[in-house]
Amino acid sequence: MKKGLKALFVLGTIFISFIVIMSAMFSGSDDTKASETTAVSDTSSYRTEIASQSAQMTDIFTTLSTQMSNYSNTTEWKVDTAVAIQELRDLVDQANSIKNVPAEYKEVHEKYMQAMEQYEIVADQLPTAIDNLDANQINILSANMLQGNEYLTQATQEMKNVK
């Protein structure tokens, strides 16, 4: 059981690294209002949508980091964690619904979606890993988070190349 709790703490730390990556992705962009639609046929709409999602992800991963770092076998902890995981699932679904990506953002979006695939795995498998305090599974999910963060780093670099 101690091993499982330690793995949860490590995963919490990895969630924090995401926050650093996302802050770099949209530095200088003040337009973070959520869009009403996910049709992003122009560059401004695309940047607005991704900035909105990044702000939401930052909030979700901040919550998950806190939850993983402060495991408690209480109903309140379980509910708060389940809500954050569902918010992550919803955000992945929102990212998957983005259509009409502007040509200059195709490479950014490809990396962004690869990150979302990794985060979707985390959202799908984390509840069971927590329920079982399965250190091995949590470590695998930590690797998924790290890979997702790497894809976001690559997306950030691509974003900086778009004029």
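Couple of notes before you dig in:
- Sorted by Cβ density within 10 Å, fewest first, the residues GLU120, GLU150: GLU150, GLU120
- Whole-Hz ³J(HN,Hα) from phi, Karplus 6.51 cos²θ - 1.76 cosθ + 1.60, for segment 94-107, glycine and proline x: 4, 5, 5, 8, 5, 10, 6, 5, x, 3, 5, 10, 4, 5
- Look at VAL122, VAL79 and count the other Cβ atoms within 10 Å of each Cβ; fewest to most, that gives VAL79, VAL122.
- Fewest-first ranking of ILE85, ILE50, using other Cβ atoms within 10 Å as the exposure measure: ILE85, ILE50
- Square roots of 5 times each gyration tensor eigenvalue, C-alpha, segment 113-154, largest first, Å: 20, 10, 5
- Simple spin-label estimate for GLN157 and LYS99 gives 3.3 nm between the two label positions (7 Å along the Cα-to-Cβ direction from each Cα).
- Dipole of segment 82-148, positive direction: furthest Cα of LEU133, LEU88, VAL108, with charges on the beta-carbon: VAL108
FYI, it's all coordinate maths here, none of it is from the lab. Source: prediction; values computed, not measured. With ideal geometry, Cβ positions are generated from the backbone for all residues, glycine too; neighbour counts draw on all protein chains shown.
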